[in-house]
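Have a look at the structure below before the remarks.
The values are calculated or read from the model by the stated rules, or taken from the named source; none is laboratory data. Being a predicted model, the structure only gives us computed values, none of them experimental. Because the Cβ atoms are built from the backbone with ideal geometry, glycine has one as well, and the counts that use them run over all protein chains shown.
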Ligand SMILES: Nc1ncnc2c1ncn2[C@@H]1O[C@H](COP(=O)(O)OP(=O)(O)O)[C@@H](O)[C@H]1O
Ligand SMILES: [Mg+2]
């Protein structure tokens, strides 16, 4: 498998604040890699080092096989960037912005025009292509930035909180496009502080807090890693004794909330099987049965909370 | 196509220049300033100093016009773009900092030449004879390159506040005009004044313009041209080197 991004001990210090502290990870070809962390965790600083906007104080980044420091132009030629703050030229029209990108990436004019029309059409901006970006809404600007970053058909796309603060329509459009792109082979590096987004979109998630990576894994596995203990919610059509439930093999705790029981278990599947047997033995039919998998939210809070003494 | 090759980077720098012209130069106020400044300077000069010959005044004016127009906008472009975050976009594009600087220089060269030609036309309309047209064109081109490199040099301090940089650049630009033989002919200067004048590229340009209109000159023409060329090369190299170092601090 080809490694598209290799970050090795990336470090950035602002004054006395170590914004990014020896961050290392690989992103493989074809992946959607989520970089998840709260505000101020160092996501943007890491992204800017990877995309050659700022220089790391220590460590190296290899992007598409090129060292971003010694071969910046060759690396940059192969990726697109959607930065944290919209940065189209507001005094230019969407079309002029795209043509400028075409020239900066060395595209032929006819190809740039064809790609621009396609992308603007796909992102619902074609009718307003000759309007200055000044007049665009936040969502439209973000869609334009996405078009600008995709013009040269990059194999790798960096996005820094691409849907943060956007309207639902723009968010859906962007997420759908990202999925499509990934299906067609584009590798995606995406920062977010939205666990749901990371969960829905990403193959692997790296969690960063206070400038350091806390964990890297698939979103599902991360959830498991955090909360090995699962919760199962169950209710029966008639009263059952709590200690009988406690006696079920695999159940490690029982809690009653209203007419429902919350059981904690190491292995939820084993417990569910036992529950079915239990209901037959006690002639109590199961009315509801839910598994309460820990959300990425839980995982996130658990992993990023400051560990006490 | 090798994106990092010299020729490809020069081509991409042209995209930067076109963007600059469109956004920063092709604006009503900038154009009006560019065209009215020489006109008003003319009037001020004509009323102020009747004892100096017209040819002398026009040469000085052409020198000042080119110097001020070629350095007018470029120092503020990086601060503007730093503020608007568009600089971050350029920094993530496959273009070197040298090529960005060169593109900014190209735009200010074109603007400087355009406005200066207006001044020359005014001079000709006032009845000045043009004795050495080719020399004048070469001088204008070389000096435009030199002054736009100075303009970019003024943009080196990595601030994202345009007014700071404009203030700073005025502090440097105006004294330079006074030591460059525009108001006082070089042959009337004391030795220390001449020593200062020799350090200013504007001196050599004004000398060449004077030669073009009156046949009179202080330095030999090849000296003037070589001096301009050396200043241009040196300023361009220094400004590119410094911008490469300070660019990451703007982000
Ligand atoms: N240009 C800068 N100068 C000084 N401090 C900075 C700069 N950029 C980021 N920081 C600091 O670095 C830390 C990480 O910021 P950032 O990478 O923007 O986090 P995130 O994108 O995860 O919200 C924060 O404490 C922030 O204040
Ligand atoms: Mg951020």
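Just one of the numbered conditions (1) in a helix (DSSP H, G or I); (2) modelled with pLDDT under 80; (3) out of contact with any helix residue (DSSP H, G or I) (no Cβ under 8 Å at 6 or more places or on another chain) is not true of residue B:50: (1).
A quick yes/no check of all residues on (1) modelled with pLDDT under 85; (2) within 31 Å of the chain's Cα centre (by Cα):
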| position | (1), (2) |
| --- | --- |
| A:188 | no, yes |
| A:195 | yes, yes |
| A:213 | no, yes |
| A:225 | yes, yes |
| A:233 | no, yes |
| A:252 | yes, no |
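Which of the residues that make up region A:76-106 are within 22 Å of residue A:49 (Cβ to Cβ) and more than 8 Å from chain B (Cβ to nearest Cβ)? Listed by number, the residues that qualify are A:78, A:79, A:80, A:82, A:84. No other residue among A:60, A:85, A:11, A:51 is within 25 Å of the chain's Cα centre (by Cα), closer than 22 Å to residue A:177 by Cα and without any contact (Cβ under 8 Å) to a residue 60 or more places away in the chain apart from A:85. Working only within region A:22-31, note down all residues that are under 14 Å from the mean Cα position of the chain (by Cα) and surrounded by 22 or more Cβ atoms within 10 Å (Cβ to Cβ). The answer is A:27, and nothing else.
For region A:145-179, the tally of residues that are part of a helix (DSSP H, G or I) and either within 15 Å of ligand 2 (Cβ to nearest atom) or within 14 Å of chain B (Cβ to nearest Cβ) (or both) stands at 6.
Screening residue A:24 on (1) within 14 Å of chain B (Cβ to nearest Cβ); (2) at pLDDT 95 or above shows it passes everything except condition (1). Just to be sure, is residue B:133 closer than 30 Å to residue B:161 by Cβ, surrounded by fewer than 22 Cβ atoms within 10 Å (Cβ to Cβ) and modelled with pLDDT under 95? It is false that residue B:133 is closer than 30 Å to residue B:161 by Cβ, surrounded by fewer than 22 Cβ atoms within 10 Å (Cβ to Cβ) and modelled with pLDDT under 95. Put simply, of B:10, B:62, B:58, B:101 the only residue that is more than 11 Å from chain A (Cβ to nearest Cβ), surrounded by fewer than 16 Cβ atoms within 10 Å (Cβ to Cβ) and in a helix (DSSP H, G or I) is B:10. Of B:172, B:150, all but one fail to be at pLDDT below 90, away from chain A (no Cβ under 14 Å) and at negative phi; the exception is B:172. In summary, residue B:125 fulfils each of the numbered conditions (1) modelled with pLDDT under 90; (2) within 14 Å of chain A (Cβ to nearest Cβ); (3) out of contact with any helix residue (DSSP H, G or I) (no Cβ under 9 Å at 6 or more places or on another chain) with the single exception of condition (2).
Conditions tested, residue by residue: (1) closer than 30 Å to residue A:206 by Cβ; (2) modelled with pLDDT of 95 or more.
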position: A:66; (1), (2): yes, yes
position: A:72; (1), (2): yes, yes
position: A:85; (1), (2): yes, no
position: A:97; (1), (2): no, yes
position: A:113; (1), (2): no, yes
position: A:137; (1), (2): no, no
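Of the residues making up region A:33-60, those that are away from chain B (no Cβ under 14 Å) and crowded, with 22+ Cβ neighbours inside 10 Å number 8.
Take residue A:201 and decide whether it is touching a strand residue (DSSP E or B) at 6+ places or on another chain (Cβ under 6 Å), away from ligand 1 (no atom under 16 Å from the Cβ) and modelled with pLDDT under 95. So residue A:201 passes the test.
Among the residues of region A:193-220, those that are surrounded by fewer than 23 Cβ atoms within 10 Å (Cβ to Cβ) and part of a strand (DSSP E or B) comprise A:204, A:209, A:212, A:213, A:214, A:215, A:216, A:217.
In region A:71-117, how many are assigned to a strand (DSSP E or B) and within 16 Å of ligand 2 (Cβ to nearest atom)? The qualifying residues number 2.
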